[in-house]
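Beneath this line is the structure, given in C-alpha cells, with notes to follow.
Readers should treat all values here as calculations from the given coordinates under stated rules, not as data from a laboratory. Quantities reported herein were computed from a predicted structural model and do not represent experimental measurements. All Cβ positions, glycine included, derive from the backbone under ideal geometry; neighbour counts span all protein chains shown.
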Amino acid sequence: MVEQHDDIIAKLFDLPLAKENTSSEATRVHYEDHLGRIARSMMEDYDLVMGGKRYTMLEIEAYLTAPNHGHADPYCHGHPRQKRAGYWFFHMAGMSESFRGGSRKGVDITIGNPKHNSAGGMLIRAVLDQSTNKVVEGPSLLVDEILRVCKHKSLDSLTKTPWPGQCWSKKSLFYLEKKPSSSDLNNEEDDEDIASSTVTRRIKRQKLDQHKNKTVYTSCRVGLGLGNRSPSIEARLLFVGRPYRFVMEPWLLKKGRIWTIFGMFEQQTISNDNIVRLTGVTKSLLPKYKDEFDAGEKDPNDTIRACLNGKDIVSGSAQWKLRVMAAVRWWECHAKEGEKFKLVGVKK
C-alpha cells in the first residue's frame, strides 16, 4: 500500500510535455492545464507533513523551462537538480551547489525530465499549520519553518547524505501525504469511548472538511518583472503574466493580494462583493483597480513601453501593477507566433 501511494505521488509530478511542432496557443493551453492539475492536486489531495504536524498548502507557483517543447520560461531557475521529478529542491545561488540564504530561500517539488532537458518545480509559497491555524507565508519563511520543525540549523545539515529528498519519503523528514479520509477517521474511532465518539467524530470531520472542496484561484506569479531583458523582451512578455500561481482560501494571505485580485478580474465571473469577501480588499478601491486593468488592455503597447523605460512591475504601485500586467496579458494572448514587440521610444 505504501509503494502504491508513493507511485501515485511520483506520477503526479511526471509532467507530460507538449509535442514538438504544436501551435503556440495549443502549447500554452497544454501547460496551463497540466501545471494547474498538479497544483490543485497538491492542495486538494495532499498535506505537507513534518514533525508529526500536518500543513495545508495554500499557495503554489509553477516554474518550468522546456526549450524543446514550447516552454522556455526565462523565470525558471533551470538548475540541474530540477531536471528530475518529485524531489525537494531548495533554491541555489545560480547554477552552483550553494543554497540561497536570507529572504532568497525557497523550496520546490521538481517537475523536470533529464531525457527531454526540461527543468522546473512547484514552488510552495504558503501553508497553514492545521494544529494551530497559523499561516506561514512566503518561500523563505516556509524554509525557516521546515528547519525549525525538523530541528536543523541549516539546509546543509538537513540535506546531509544520506538524505533521500523524494517528496513522498518519510526519510526526507518532511513529505507529502494523502489527506485523511472519512474511513481513516472511522478506523481511529473504533477504540474510542462510545459516549464521546459522536463529539470526537464531529470535531475530526470538521477539521477534515475544512480545506476540502475549496476553490483554487489562479493569477500571475509574484515578484516577477521586465527589468531583465534576457534572453529577449518577447520571451519575458510571453511568460511574466502566465497564470501559474494557484491560491486556496485567499483571505488568509496578505502577500500577492493584488495579483489574486488581478486573476479575479481576468476570470470576469466574480462580483465585486465576492472579491472583497475573498481577498479582504477595501471595496472602494475595486473600481479604481478595475479602471487601471481596463486602461492596460486598452493601451497595451504604450503601457509596456513605459514599463520598459524604467517603471517596472515589481517597484510600481498596486494600480500600476494591474495596468502593466493587463497590458502584458493582452500582448501575450494577441501576439502572433514569433512577433517582435515594437521598441519605438524604448530606452536601450
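Results, tabulated for the structure shown:
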quantity	calculated
Neighbour-count ranking [beta-carbon atoms within 10 angstrom, fewest first] of 307, 76, 150	150, 76, 307
Inter-probe distance in nm under a simple model that places probes 7 Å from Cα toward Cβ, at residue 154 and residue 277	5.0
Mean shadow area of the stretch 216-334 over all directions, Cα convex hull, nm²	6.8
Relative counts (whole %) of C-alpha pair distances in the stretch 2-179, using bins that are 5 Å wide	1, 8, 17, 22, 20, 16, 9, 4, 2, 0
Most positive-pole-ward Cα, 55, 85, 142, against dipole of the chain from beta carbon charges	142
Stretch gain in nm, segment residue 315-residue 269, where the contour uses 0.36 nm per residue and the Cα spacing is subtracted	13.6 nm
Estimated [θ] at 222 nm from DSSP helical runs (n ≥ 4, -39500 (n - 2.57)) normalised by residues in the chain, nearest 500	-12000 deg cm²/dmol
Contour excess over end-to-end distance, with Cα ends at residue 234 and residue 255 and 0.36 nm allotted per residue	4.8 nm
Added length on full extension, which subtracts the Cα-Cα distance from 0.36 nm per residue, residue 214 to residue 8	72.0 nm
In Hz, Karplus ³J(HN,Hα) per residue of the stretch 293-298 (6.51, -1.76, 1.60; θ = phi - 60°; x = Gly, Pro)	4, 5, 5, x, 5, 6
Backbone N under 16 Å from the residue 290 label point (7 Å along Cα→Cβ), restricted to the stretch 260-278	261-278
Cα long-axis angle, helix 257-267 against the chain (0 to 90 degrees, to the nearest 10)	70
Charge dipole (debye, nearest 20) of the chain; +1 at Cβ of Lys and Arg, -1 at Cβ of Asp and Glu	1220
Least to most buried among 33, 73 (fewest other Cβ within 10 Å first)	33, 73
Principal-axis tilt of helix 194-209 within the chain, Cα atoms, nearest 10 degrees	10
Packing-based exposure ordering (other Cβ within 10 Å, fewest first) of 55, 46	46, 55
Cβ-defined net charge surrounding residue 98, 13 Å radius [Lys, Arg +1; Asp, Glu -1]	+2
Interatomic Cα distance distribution for the chain, bins of 20 angstrom, percent	28, 56, 15, 1
